[in-house]
Each structure stands twice: as structure tokens, then as C-alpha cells.
1. Can you pull out the residues in the range 148-187 that are within 30 Å of residue 205 (Cβ to Cβ) and without any contact (Cβ under 8 Å) to a residue 40 or more places away in the chain?
2. For residue 342, state whether it is outside any loop (DSSP other than H, G, I, E, B), under 23 Å from residue 169 (Cβ atoms) and touching a residue at least 24 places away in the same chain (Cβ under 8 Å).
3. Residue 275 versus (1) closer than 27 Å to residue 204 by Cα; (2) not in a loop (DSSP other than H, G, I, E, B): which is the lone unmet condition?
4. Out of the residues in the range 76-129 that are exposed (fewer than 15 other Cβ atoms within 10 Å of the Cβ) and touching a helix residue (DSSP H, G or I) at 6+ places or on another chain (Cβ under 6 Å), state the one that is nearest to residue 58 (Cα to Cα).
5. Please go through the range 125-143 and give me each residue that is touching a residue at least 24 places away in the same chain (Cβ under 8 Å) and out of contact with any strand residue (DSSP E or B) (no Cβ under 6 Å at 6 or more places or on another chain), ordered by number.
6. Is there a residue being in the same structural domain as residue 236 (by TED's automatic domain parsing) and not in a strand (DSSP E or B) anywhere in the range 61-78?
7. Of the conditions (1) under 15 Å from residue 328 (Cβ atoms); (2) at pLDDT below 90, residue 297 clears all except one; give me its number.
8. Please specify each residue of the range 209-236 satisfying the condition of being surrounded by 15 or more Cβ atoms within 10 Å (Cβ to Cβ) and more than 14 Å from the chain's Cα centre (by Cα).
């Protein structure tokens, strides 16, 4: 047998790589690129890809309400999930977590109480298959969705009308509302309170309309604060109540007691003084009428005069004031009149 010449064999092996090495290197690169291209175009080959902090969406909430139910807890702070998918090689670098649409479907709920909803995902030949979701299900609490109509709207008024003006009775629109939501909350609602601040009005005579916030309260007057309750009027969702308010010109007038007293006191006595308490009265009405007033002449505002015939001692009378047609407000319904009678 011939003896193997290892040195010759090694030199031939080295020459295999050193002869025409640029061409051989180029061939190797082309082979690798061709292999990579074929691999990425092969739909049967896939790679695992992991997405972190993937949000879970909620779908078909409107369908759930049409079915007569509503979620009261369990969806306030949904967790994020870790998503494992097998992605086709050719789309590995382009896919995103949104391609797999993690969601819980509320239309699957059929009864109230505690319900467990499976976290669903979408798979396709284009983006691959979801193999694992770290959050498999969500537990929620379900109640019946009910409505109550003709809940009255009432005003809670604070502040004072602008100086020099009187605020008449305010009107609310709408005067009744419809509340809809979880039965446990809707059953507690007894009225809708609109919070109205008179000091926010423009200091100008006439009617002003203001949109004000409102709140729902129970029989104890406690506010029912919940975003799960819908407030509507004529099928229109409400976020405020409209208040119509008319401001009238107001003026403080000195009370004039002239011509209020009739008759003559007992012989040897005379009327020393006639006074009124309060000494001033605020009146309000249209500017054309109120602007011309300088004092409140009581004789024009009471039904009958005070007769002092044959009297010899002081008297006090509480007289009721009549409100003329052009006056919308009197700060006092009555005035205390004191007639001082003394010897001449």
C-alpha cells in the first residue's frame, strides 16, 4: 500500500480555498442570499414572536345594552397581556400586536351576575397563529340595564343676583329626565338637581339662558355619582340643564307715610309722628316703571287708611302691602306703622 502523504493532501486542501478565492467568496454569499430568499418565501416555515403589554379591547357594549344588560365592574382596569404567535417568515418583521386583535366580546353575555369572558384573538394565514395569551379570561359583574322616566329636575340655587337687580322665578328645561343604567343605581334616583349660581348672571335687565351642571340624588339627598348612568330627554343625551332667568331692575325706596292716616285725635291731642318699620323697602320691576320711582308712597300700597279719630294714645298697626301690576317684587309683604299721639 502506498503511504499517504499528509503534507501533500493538506497543501491541496489549502489551495482549494486560496485559488480564485474572490470568486469562491462571491459564490458563497450568493448561495446564502438565495437560501435566505427561498426560506422567507416559504409559507410553511414560521418563527415564534412575542409581544409584551398588549392591550385588550372591549367590543359589542351596545349589543349588550340592547340585550338588557350592563357591566358594573371588571372592565375599569383591564390588564395587558403577553402574546405568543407563530409568524410566517416573510411577515416576521412587519407584523404588530394589533394584527391579532385581543378582545373580550360582551355580546356573549346572556344573564346577570358574575360572568367569565374568554380573551379572544384573530389568527390568519398572513400574520400567523396565536399560540398563547398570558391573560386567558376576564371576570365581570353584570346587572340588568333598566330605564326610569319622569325624574323631576329641581334647582339648587346659590349666590345672589347682581347688585341692582332682582331675579324672578327661574325655569328649567327639561323639567323631567329619563335615567338609564344598572338597576341597583337607577332604582335609587329620586330627582335630578341642577346647581345654579345667581352670581354668574350678566348684570343686565332681561331674560338670560344658562347651561348648568346637574347631579342625581337619592331619597336622602346624597349624590349618586356614576358614569354608568345615562341621562336623556326625548332620546337626546344630556350633559347640562338649561335655566331661563329674568332679571328685573331693583331699587331700595324710602317709605313715605303721607296721607296714610285719617281722622282727628281726641281734643287736646295731636299726631306727633308717623313712622314705618322697615323705613325702606326694595321694589323690582321693569326699568320703565321702577326707574321713575323715588319713594314708596304707602297710601298707594295699602287697602285702607288708618283712622285715629278720638284717640289719645299711640297706636301701632301692621299693614299689608299690595303689589301693583308693574311691580314684580316687594322685599316686605307688611309694614309696621307707629302713630305717636300726645297732648298738644
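The values are calculated or read from the model by the stated rules, or taken from the named source; none is laboratory data. None of these values were measured; they are calculated from a predicted model. Here the Cβ is made from the backbone with ideal geometry for all residues, glycine too, and neighbour counts use every protein chain on show.
1. Across the range 148-187, the qualifying residues are 160, 169, 175.
2. Details: outside any loop (DSSP other than H, G, I, E, B): yes; under 23 Å from residue 169 (Cβ atoms): no; touching a residue at least 24 places away in the same chain (Cβ under 8 Å): yes.
For residue 342, the condition - outside any loop (DSSP other than H, G, I, E, B), under 23 Å from residue 169 (Cβ atoms) and touching a residue at least 24 places away in the same chain (Cβ under 8 Å) - is not met.
3. (1) is the only condition that residue 275 fails.
4. The qualifying residue nearest to residue 58 (Cα to Cα) is 107.
5. Passing the criteria: 125, 126, 127.
6. Within the range 61-78, none of the residues are in the same structural domain as residue 236 (by TED's automatic domain parsing) and not in a strand (DSSP E or B).
7. Only one criterion in (1) under 15 Å from residue 328 (Cβ atoms); (2) at pLDDT below 90 is unmet by residue 297, namely (1).
8. 210, 217, 233
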